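Please read the structure below before turning to the comments.
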Amino acid sequence: MAAMSAQTLPDLPFPGHDKLLQALDAAVATGDEHAITSALRGTLCRMIRDRDVALPGCVYEPIDDHYARREIYRSPVHGYSVVAMTWGPGQGTPVHDHCGLWCVEGVWDGELEITQYELLEQDGERFRFRAAGGMQAGPGSAGSLIPPHEYHTIRNTSADAVAVSLHIYKAPMESCSMFVPQDGEWFARLDKPLETDETH
């Protein structure tokens with residue numbers, strides 16, 4: 001996975017670029033995290049369905065050995081980060097958190113299975129989780145995660161189709177906690193650095 005420099009502020013040109021970013025800026029300026037994520041969910045749903053907006057072609061290119069994370073914009077004013085993720089057939093995440101950052105996620109193309117997890121108890125670096133509902137999300141659907149209710153998995157369950165999702169984070173997310181199954185509902189926590197793949 002090719003890492004981008006932390007000093008790089010990506011801003012890829014694409015059709016509808018200014019329209020998308022103006023809409024995101026307006027949503028992020030609405031108030032507290034609940035107001036912001038609510039506004040972003042509505043904005044993202046509209047932008048996904050807006051034929052004037054088309055993501056850069058590179059975000060439709062899967063990577064064989066991992067789902068791709070491509071940062072396509074970072075706001076110099078509001079600090080939020082926009083990451084396009086590309087999910088090859090069968091690719092997905094373990095149970096993970098968002099390092100205390102709110103996030104709004106929308107499915108741009110294809111379908112993804114999202115499963116939320118409820119934290120039941122913690123014993124040191126061991127955590128007990130239980131699946132608390134899931135959904136098959138198609139194009140134009142969006143959801144939000146606000147800590148501490150941020151534990152989830154994402155998976156492309158298709159055997160042959162690529163899926164693309166767009167994620168708006170409060171700030172660049174450069175690491176998270178992932179949770180590895182141990183015994184029954186118990187998981188071990190591991191720190192996971194998050195790199196971004198090259199854009200072109």
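No value in this document is a laboratory result; all are computed from the given coordinates. Worth saying up front: this structure is predicted, and the values here are computed from it rather than measured. Every residue, glycine among them, receives a Cβ derived from its backbone with ideal geometry; neighbour counts consider all protein chains shown.
A few points about this structure:
- Taking every residue in the stretch 139-161 that is part of a loop (DSSP other than H, G, I, E, B) and pairing it with any residue that is of a type in the set (D, E, K, R), at least 6 positions away or on another chain, the pairs with Cβ-Cβ distances below 6 Å are PRO139/ASP109; GLY140/ARG49; GLU150/ASP97; TYR151/ASP97; THR157/GLU113.
- So GLU113, is it surrounded by fewer than 18 Cβ atoms within 10 Å (Cβ to Cβ), acidic (Asp, Glu), in contact with a Phe, Trp or Tyr (Cβ under 9 Å, 6 or more places away or on another chain) and not in a loop (DSSP other than H, G, I, E, B): no
- For the stretch 189-200, the criterion of being part of a strand (DSSP E or B) and β-branched (Val, Ile, Thr) is met by no residue.
- Of all residues in the stretch 45-63, those satisfying the criterion of being closer than 17 Å to LEU12 by Cβ and exposed (fewer than 13 other Cβ atoms within 10 Å of the Cβ) are ASP52, GLY57.
- Matching residues in the stretch 179-200 - criterion: being surrounded by 17 or more Cβ atoms within 10 Å (Cβ to Cβ) and within 16 Å of VAL95 (Cα to Cα): PHE179, PHE187, ARG189
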